[in-house]
Structures are given as structure tokens and as C-alpha cells.
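Derivation of every value follows stated rules applied to the coordinates shown; laboratory data play no part. Not measured: the values here are computed from a predicted model. Please note: Cβ atoms are built from the backbone with ideal geometry, for glycine as well, and neighbour counts cover all protein chains shown.
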Amino acid sequence: MTGVQLEIQAIAAVTAAACALPGAFLVLRRLSLLSDAIGHSILLGIVLAFLVVQELTSPFLVVGAALVGLLTVVAVELVRGTGLVREDAAIGLVFPALFSLGVVLVARYTDSVHLDTDAVLLGELAFTPFDRLVAGGWDLGPRALWVMSVILAVNLVALLLFYKELKLTTFDPALALALGLAPGLVHYGLMTLVSVTAVGAFTAVGAILVVALMIVPPATAYLLTDRLGVLLGASVGIGVASAIGGYWLAHALDASIAGSMAATAGALFALAFLFAPGRGLVAAARRRARQRWEFPQTMLAIHLLNHEGLPEAAVENRIDHLDAHLGWEPAFAREVVERAQRRGLVRSDGAALELTDRGRAGARSSLARTA
Amino acid sequence: MSTRDGHAIEVTDLTVAYGDHPVLWDVDLEVPHGVLMGVVGPNGAGKTTLVKAILGLVRPAAGRVSVLGRPYADVRRAVAYVPQRGSVDWDFPTSVLDVVQMGRYGALGWVRRPGRAERERSLEAVRKVGLEELAGRQISQLSGGQQQRVFLARALVQDADVYLMDEPFQGVDATTERAVVELLRELRAEGKTVVAVHHDLQTVPEYFDWVTLLNVRRIASGPVDDAFTEENLRLAYGAPLGFLGRNGRPPEEGLVSE
């Protein structure tokens with residue numbers, strides 16, 4: 001592995017980690033599409049700031065972008081607040097307006113510098129190592145690595161400091177407001193982090209794939225855990241895995257690195273979607289298959305319990321009468337009885353059926369649970 | 001922090017409107033210390049809005065609210081809030097104990113993280129509402145009644161003087177309802193003031209000692225024996241009220257519970 005390869009992977013991994021942290025809260029707040037909006041509209045902020053300072057590496061570009069990111073959130077809120085359009089339509093109205101303004105300005109005023117639309121949309125991760133940060137004649141490494149590391153650090157510190165506030169305002173904003181933990185402030189703070197992160201990330205992966213890094217890893221982690229802390233950690237892990245895996249996929253296919261990273265993230269999501277324990281499609285199908293036989297066994301046990309020890313038991317609790325009494329097909333009834341016997345819930349004496357102690361206890365607890 | 005003079009809650013000339021559609025018209029209300037008050041009224045009467053206005057969650061168009069003689073913002077920590085169960089996302093990745101612990105966030109203030117003391121206090125509240133075996137459970141796996149009890153436990157750890165509850169009995173089973181009533185009575189016995197939005201007229205005299213009838217305007221407010229009359233109920237719910245019994249008490253059956 002060459003130094004350049006290593007640097008590209010480091011930039012990709014740090015970018016993915018930085019995106020996953022605020023992205024997790026966007027997913028939990030059901031604001032995933034806002035990252036798409038911010039990722040696009042910050043172009044306007046970058047162009048406007050560039051027109052003022054005339055320098056592509058100025059930190060003011062980040063400030064300009066963050067401000068326009070916030071403007072996007074406020075504008076969406078205002079449009080939605082009119083009650084004339086819903087939230088999704090408000091997002092769809094605001095960001096193309098700001099983005100297209102940015103595209104027009106890029107084309108009109110910045111043709112002498114290297115700020116073209118392709119780079120903005122798709123990023124150019126492969127070239128990032130060639131833009132070095134040099135101080136006092138020392139080569140400190142790729143500028144993008146520094147930028148994204150600082151952004152990652154800011155996100156981490158903000159998250160550690162305001163973990164409890166972010167959690168409460170996401171879960172129950174009304175209680176947060178009642179307790180004086182200003183949910184509006186926390187919301188705009190989070191949106192500032194999203195904007196700043198998107199600005200930093202877009203030089204590496206472009207405005208479109210920022211969304212993939214912010215939303216897909218947390219959406220994947222959401223399927224895998226019930227704990228917010230674990231979800232945040234897993235989001236970062238999945239993001240980094242997508243970055244590194246994507247790099248080598250691009251290497252093997254000779255394809256776009258950013259595209260491969262997003263594709264890898266999507267593949268990881270698909271895996272979780274299918275195979276996540278408890279929530280995945282496979283687990284759900286297996287659960288349904290199991291319940292298909294478990295529930296009839298419970299019904300059988302309760303039926304036997306209801307008539308146990310009563311004169312009618314000799315008639316009711318017989319395998320050849322289940323079809324008449326429970327309305328079951330004879331073949332189905334036999335299968336249920338066999339399964340219940342195998343599980344030690346039911347004993348049979350010829351055609352007469354009897355509950356075992358275990359079956360009786362099970363039937364009683366099923367009844368108690370529904371009472 | 002509270003004084004025993006005056007009222008636990010005082011609402012003066014409160015009007016709340018969404019646009020120019022009034023939800024509460026010029027409501028005056030005084031809630032004495034240490035009462036267990038039910039707020040009843042038909043759908044759209046502004047019951048939830050009243051609670052939210054007291055908590056500063058909606059901005060009034062006119063009027064004032066004071067809690068323990070002060071503006072709400074000054075006494076936040078003395079007030080606990082139990083929102084409607086449907087107001088949060090129960091799929092949120094968090095546990096029963098964690099949600100209960102959120103009741104301490106106000107006292108902790110910004111940045112400080114909950115520690116052992118908060119954890120123990122929360123566990124105690126979880127035990128008090130009978131959920132100790134489910135403390136580590138993800139909250140979507142709870143039944144409606146259990147979710148309501150989580151909210152109650154969260155209000156208990158706030159250790160407040162005034163409790164505002166928005167339909168604490170909604171969608172709960174009979175066992176939970178009895179347990180909740182028991183808890184509310186305990187709170188009253190400790191001298192706390194409890195205001196609960198309620199739907200079931202039939203249980204008002206049994207559960208509460210104070211009642212407010214609301215229908216955009218305040219219809220009546222006072223001790224249940226004085227205020228919960230057939231006349232007032234007719235004013236609040238509109239005529240005819242065939243389901244009311246003779247002495248102003250609803251009969252045993254056929255009652256609407258919205």
C-alpha cells in the first residue's frame with residue numbers, strides 16, 4: 001500500500017466517522033432528508049463566501065456554508081409553518097432554490113478557479129492527498145485529513161457534552177422545553193454541526209454522497225441495536241467500514257471511490273435489513289414460521305385446561321374431536337398435537353389427550369398474560 | 001421553594017388561539033395546594049392546551065399563568081409533566097430506566113451527566129410503578145399501560161410540588177388505572193398538587209377531590225361536590241345529557257368516555 005492510498009483511506013474513514021455522528025440524530029429525528037437539503041444548499045454558501053474572500057482554502061468558506069445550511073433549516077421551517085405545504089414538500093422547495101442559485105453563481109463568476117459542479121456534486125477523493133497543508137516548510141499531510149479530523153473532534157466533543165440534551169430533545173422535545181433544556185437551541189446546534197460536517201465532507205465525497213455517509217450507517221445501526229450509545233458507536237463503525245471497503249472496491253473495479261463507498265454502505269444496510277437479529281426480514285420470517293405452530297399449541301393447551309377434570313373432558317379432550325370443537329382440519333390438528341407432545345406439553349392415552357404439568361403451567365401463564 | 005400562601009396554580013384571563021381560532025377563551029382558574037384535580041370537558045375543549053399553556057409549551061394570546069406564585073420559568077423544577085403517551089416515538093433506542101432518568105435532566109441542568117444518585121432514584125421510581133423487572137427493556141416492547149407507568153415514574157423522579165398529567169388513564173388496563181390512582185393519592189398525601197386531564201366522567205367523583213369543567217371557556221371549577229353538577233355538565237357538554245343521573249352523578253352505565 002502506498003502512502004497516498006493510506007492517506008485516501010484515512011480521509012475517507014475520518015469523513016465517514018464525522019458524518020455518522022450528527023447523521024444518527026437526523027435519522028432518529030426523522031429528518032434524514034434535511035441532510036440532502038443541507039448538502040446541496042451549502043454550495044451557495046461556499047460560492048458566496050468565495051466571491052467575498054476570493055480564496056478557495058479560506059475558513060470563511062466553512063462559515064458561509066454553515067450559515068446557508070442554517071438558512072436552509074430556517075427556510076424549511078418557515079415554509080412549513082405557513083401550513084400550505086408539508087415538511088417534505090418544504091424541503092423539496094427550499095434546497096433546489098438555494099442549490100440552483102449556487103450552481104448559477106459558480107458558472108457565472110468562478111470560471112477562472114477550480115470550483116466546478118462535478119467536483120461539488122461528486123467530490124474527488126482521489127485528488128485530496130495532493131492538496132497538502134504546509135506550515136513553515138513542513139508538510140503536515142493532506143489538508144482534507146486535517147479539516148475532517150477537526151470536524152470529527154468538534155462533533156465528538158459536542159456529542160459528549162450534550163449527549164443528554166440531544167437525547168431528550170430528540171425523544172421528547174415537549175419535556176425538554178418544560179424542563180428548560182431549550183430544544184430549539186439544541187436543534188439549531190445540531191443543524192450547525194450537520195452543515196459544517198457537510199461542508200468538510202463535500203470536498204472529499206461531494207454533496208450527493210454526504211447523504212449516504214450521514215444516513216445509511218445510522219439507519220443500518222438502528223436495525224442492530226436498542227441502545228442509543230451503541231447505535232452511535234455502531235454508526236461510526238459501519239461508516240468507517242464502508243469507507244475502507246469502498247476504497248478497495250473502487251480499487252478492484254477501477255471505479256469512483258466515493259461511489260464505491262456509498263455502494264458499500266448500501267450493501268451493509270441490505271445485509272442488516274435481511275439478517276439483523278430480531279428486526280431483519282429473515283428473523284421476522286422465522287418468527288412468523290415459529291408462531292404459526294406455537295399459537296395453535298397454546299390454543300390446544302388452553303382448550304384442554306378449560307375442560308380438564310370435568311365430565312365433558314372425555315368428549316372434548318380427544319384428538320379426533322379437535323376438528324369438530326376447534327374447527328381445525330384433522331391433518332392440522334394431528335400436526336399440532338404431535339408438536340405439543342414433542343415439546344412435552346401434552347400426553348395422549350389412545351385418542352384421549354391430557355396436559356402435562358408443563359403444559360398446564362404454560363396454559364395458565366398464557367391466560368394470565370392476557371387477563 | 002414554594003410558599004403555602006396563595007394557590008398552586010393561578011390562571012388569569014388566559015386566551016390561547018391557533019391563528020384566530022380560539023382554543024381557550026378568557027379562562028380563570030385557581031388550583032389550591034394539595035388537591036387532586038381532574039380537568040374534564042368534551043373533545044376540543046382545550047384541556048391539553050390548558051396544561052401546555054401552564055407549562056409554557058404554547059404561547060397564550062392573552063392572560064397570565066403563575067405556578068406557586070411565580071412565572072413558570074422560575075419554578076420549572078417544582079413542576080412535573082406527564083405528556084400523552086402518543087406524544088413520543090416509542091421505537092426510540094432507549095430503555096425503561098433511561099426514560100425514567102430523563103426526569104432528572106432538569107435538575108441536572110446543561111452538560112452534567114446523570115450519575116449513580118440519579119440512577120438509584122430512577123430505579124426506586126421504576127420499582128414504585130411496578131416495572132422493576134422491565135427496567136432494562138427497550139420501550140417499544142411495553143404494553144400501553146406499562147408505557148404510561150414509565151411516564152409516571154419519570155414524573156416521580158422529578159420530585160416536584162405540582163404534577164401536570166395529560167390523560168394518565170388513556171389506553172391503560174384496569175390494573176394500571178387502579179395503580180395510577182393509588183400513586184396520585186400518595187402524591188396528594190405528601191402535600192403535592194396534581195392536575196390530570198381526564199376523560200371518564202363516571203370516575204371523576206371517585207378519583208378526584210377537585211374538578212374543572214372546560215369547554216373553551218371555564219364552565220366550573222371547585223370541589224367535586226360543588227362543581228360536578230348536572231347543570232355544569234350540561235353547560236360543558238351541551239344538552240341533552242340523558243346519561244346523567246338524578247343527583248348530578250352519572251348513572252352506572254351508558255356513559256360516554258369520548
In whole angstrom, and with the biggest value first, how far do the Cα coordinates of segment A:123-249 range along each principal axis?
54, 35, 22
Please give the FRET efficiency for A:THR82 paired with B:ARG64, using the beta carbon to beta carbon distance and R0 = 30 Å, rounded to the nearest 0.05.
0.50
Rounded to the nearest 10 degrees, what's the angle between the helix A:228-253 long axis and the longest principal axis of chain A, both from Cα atoms, 0 to 90?
70
To the nearest 10 degrees, how steeply does helix A:183-224 sit against the main Cα axis of chain A, on a 0 to 90 scale?
80
Coordinate range along principal axes, alpha carbons of segment B:8-110, Å, largest first
41, 29, 27
What ranking of B:THR212, A:THR82, A:THR203 emerges when the number of other C-beta atoms within 10 Å of each C-beta is taken as an exposure proxy, fewest first?
A:THR82, A:THR203, B:THR212
Per 10 Å bin, what percent of the C-alpha pairs of the protein assembly as shown does each bin hold, from zero upward?
3, 13, 18, 18, 17, 15, 10, 4, 1, 0
Gain on full stretching of the segment that runs from A:LEU93 to A:ARG292 - 0.36 nm per residue minus C-alpha separation:
66.9 nm
State the answer as a single residue: which of B:THR15, B:GLY41, B:SER122 lies farthest towards the positive end of the charge dipole of segment B:1-136, with beta carbon charges of +1 for Lys and Arg and -1 for Asp and Glu, about the Cα centre.
B:SER122
Under 18 Å from a point placed 7 Å out from the Cα of B:ARG178 along the Cα-to-Cβ direction: which residues of segment B:198-216 have their backbone N that close?
B:203-204, B:206-208
Using +1 at the Cβ of each Lys and Arg and -1 at the Cβ of each Asp and Glu in segment B:61-213, identify which of B:MET102, B:VAL194, B:VAL180 lies farthest towards the dipole's positive end.
B:MET102
Note the angle between two axes, namely the Cα long axis of helix A:3-28 and the longest principal axis of the Cα atoms of chain A, as a number of degrees from 0 to 90, rounded to the nearest 10.
60
For chain A, set up a Gaussian network in which alpha carbons nearer than 10 Å are linked by springs, and say which option among A:ALA221, A:ALA89, A:ALA158 fluctuates the most.
A:ALA89
Computed from the beta carbon distance with a Förster radius of 22 Å, FRET efficiency for A:ARG342 and A:SER365 to the nearest 0.05 stands at 0.65
Taking the beta-carbon count within 10 Å as an exposure proxy, list A:VAL216, A:VAL94 from fewest neighbours to most.
A:VAL94, A:VAL216
Of the convex hull enclosing the alpha-carbon atoms of segment A:212-259, the direction-averaged projected area in nm² is 3.1
Quick check of the Kirkwood formula: for chain A, what is the inverse mean of 1/r over all pairs of different Cα atoms, in Å?
24.3
Taking r as the C-beta separation of A:ARG108 and A:LEU253 and R0 as 25 Å, the FRET efficiency to the nearest 0.05 is 0.10
Provide Rg over Rh for segment A:15-88; use the alpha carbon set for both Rg and the Kirkwood Rh (inverse mean inverse pair distance).
1.05
Can you give the convex hull volume of the alpha carbon atoms of segment A:282-370 per residue, in Å³?
105
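What does the helix-only formula give at 222 nm for chain B: each DSSP H stretch with n ≥ 4 adding -39500 (n - 2.57), the total divided by the residues, and the result rounded to the nearest 500 deg cm²/dmol?
Mean residue ellipticity at 222 nm (helix-derived): -8000 deg cm²/dmol.
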Space enclosed by the convex hull of the alpha-carbon atoms of chain B, per residue, Å³
134
